[in-house]
Amino acid sequence: MNRLLLTMAITAATVGILLASTPGAAQVLPPAKKAERVVITKSPALEVASDYLTIIRWTTNNPGGSDVHYGIVQYGTDPRDLSQTANLPSG
């Protein structure tokens, strides 16, 4: 009897996982309408900095279109010479 209950519990959990992970079960929103102009709504802020890694965070209005958006940061060791560029997709 205990073996039957265990088998039923495993089967129910597996079915639940499969249903929750199917695209039809999840609500996928369509891409937002492309914004006329992207605006920074929260200024860039340094989140983490080390010798080999820097994380900068900022917030913009939704640019719309594709779900993948690129962040571009110009940087350098002299604030008057930000001649290096880093970009990374997000989304």
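The values are calculated or read from the model by the stated rules, or taken from the named source; none is laboratory data. Since this is a predicted model, take the numbers as computed values, not measurements. These area figures cover heavy atoms from the full protein model, side chains too; ligands, DNA and RNA do not enter into them. Shrake-Rupley method; radii C 1.70, N 1.55, O 1.52, S 1.80 Å.
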Phi angles of the stretch 34-41, converted by Karplus (6.51 cos²θ - 1.76 cosθ + 1.60, θ = phi - 60°) into ³J(HN,Hα) in whole Hz with x for Gly and Pro, give 4, 6, 5, 8, 8, 10, 6, 9
Which whole-Hz couplings ³J(HN,Hα) result when phi for each residue of the stretch 42-52 is put into the Karplus expression 6.51 cos²θ - 1.76 cosθ + 1.60, θ = phi - 60°, listed in order with x for Gly and Pro? 9, 4, x, 9, 6, 9, 8, 9, 8, 5, 10
So who's got an amide H within less than 5 Å of the one on Gly71, skipping anything under 5 residues away but keeping other chains? H placed 1.01 Å off N, in plane. Leu88, Ser90
Taking a probe of 1.4 angstrom, what is the accessible area of Ser50 in Å², to the nearest 10? 50 Å²
